Amino acid sequence: MKTFFIIYYFLLNGSGLLLRSFNKEIIKILGILVLITPLFLVLLFLKKKLSIYEVCVLRKSKIWWFCGGVGILYGLLISSIYGWEMYDTFSKAFYLVPLILLTPFSAFIFQNKNQWLKLLFFQSIIGFVSAFIDLLNIYNQTIHFSIEKRFHSENFYNISFIYSFLMVLLLFFLLRLNLIYKFILLLFSLFLNLRIIFSISRGFLLLIIIVLIYVFILKLNSNTKILKCKSFFYSWIKVLTLSIIFILLLKLNFIYKYFLLYKNRMYFFKDSIEYRIEEIKSAIYYGNFLGEGWGAKRDFYEALQFTHNPEALIYKGYVHNLVGFLYWKIGIVGLIILFLFCFFIKKQCLINFKNKDILGHIFWCLIFCWFVHSMFNMVFSRIDINIWCASWLGYFFYRDAQIKTTKNNFVKK
């Protein structure tokens, strides 16, 4: 039974490969898989007596599910009072459901660090495969079209490659791996680097910088500071050098044009910030104190003055900021839930440094990147990324339960 759950969870984490483009039908199928996942927990509990570890995870899960459930139900109630459309209500309410339902599930399945490490490698493989499929499609399109295009749209919907690249960086720099694993990660990074270039995303560059700074801080915190820092820079120089060589072997002129497109997008950086600020202002104004419900749609005309995207919507039901989105939809309740989430993350960060938990640092950095990303992007609406984020959060449920289990065993002795 346990083997079945592990296989199912790995398949669930790899299901994002189906999202090559924005496809509502596939998103609905993934949503159904997320909703039936807790039923497997019930089957697990019925088959055997719970261990001390599982009891600890279950206690923490109840608090997690209660806080998330309150937010979901409150938003549905407000939405029904305002009379918003049913489809919009449930689709927006479902954005954060994977984080609420699936986070404890991974802690029940994976009960040793080796299994968690395998999950990270599996997710990095999924991101690499996704990037490789995109690169093949991009190469085929460049044969038929000479006009440069930003491959970060509805036709190239999957963005797991950026989080896969962040995993590769963290695993490469923080863990002691044999040469075979390092070579595999290096190979992944070459293709992932290229895919990131074609996305022409300024946000992705910010996430990479965050990871590099975090790794550098951890290296400075280690016992052999000078040697560790030198090793860090030498490793990074090797990755950059090989990436440049790899790029030169491909269509040099085509890739050079994409670097120019990056440069051109930087000219609109200030307008992009202004656009998101106006979005947040409008969302806060609409949300008042109690929120307007998950199905709320409003006019964001002020924000539209700062966008150069002709397809941008004036009347819409979302904003590119998690704080603004939650306050608009569920008011003060959303801010309280967000505060509790931040408190939980801060506590886990302190435990990472106290216990020198490298794997904990990796999961925490990925969650922090997701949180930063959600401050200027709708990443919190992506079911495939939220499934991954739920597994990263689940590691801390596992660790807390392990600590409590160890203390209980020590007291008994």
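One table, with the values for the structure above:
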| item | result |
| --- | --- |
| Condition broken by GLY334, with the remaining ones in (1) closer than 30 Å to TYR8 by Cα; (2) open to solvent by less than 20 Å² (accessible area, probe 1.4 Å) satisfied | (1) |
| Region 127-158: number of residues that are modelled with pLDDT of 70 or more, out of contact with any helix residue (DSSP H, G or I) (no Cβ under 7 Å at 6 or more places or on another chain) and outside any helix (DSSP H, G or I) | 1 |
| Residues (surrounded by 20 or more Cβ atoms within 10 Å (Cβ to Cβ) and either in contact with a His (Cβ under 6 Å, 6 or more places away or on another chain) or outside any helix (DSSP H, G or I) (or both)) located in region 88-126 | PHE110 |
| Single match in LEU218, LEU192, LEU175 (criterion: modelled with pLDDT of 80 or more, open to solvent by 30 Å² or more (accessible area, probe 1.4 Å) and closer than 26 Å to LYS113 by Cβ) | LEU175 |
| Filter result (among the polar types (S, T, N, Q) and open to solvent by 10 Å² or more (accessible area, probe 1.4 Å)) within region 372-391 | ASN377, SER381 |
| Members of region 127-139 that are of a type outside the set (A, V, I, L, M, F, W, C), open to solvent by less than 40 Å² (accessible area, probe 1.4 Å) and farther than 13 Å from LEU171 by Cβ | SER130, ASP134 |
| Breaking point among (1) open to solvent by 20 Å² or more (accessible area, probe 1.4 Å); (2) in a helix (DSSP H, G or I); (3) in contact (Cβ under 8 Å) with a residue 12 or more places away in the chain, for PHE339 | (3) |
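The values are calculated or read from the model by the stated rules, or taken from the named source; none is laboratory data. The structure displayed is predicted, hence computed values, not measured ones. Here the Cβ is made from the backbone with ideal geometry for all residues, glycine too, and neighbour counts use every protein chain on show. Note: accessible area is taken over every heavy atom of the protein model, side chains too, but ligands, DNA and RNA are not part of it. Shrake-Rupley method; radii C 1.70, N 1.55, O 1.52, S 1.80 Å.
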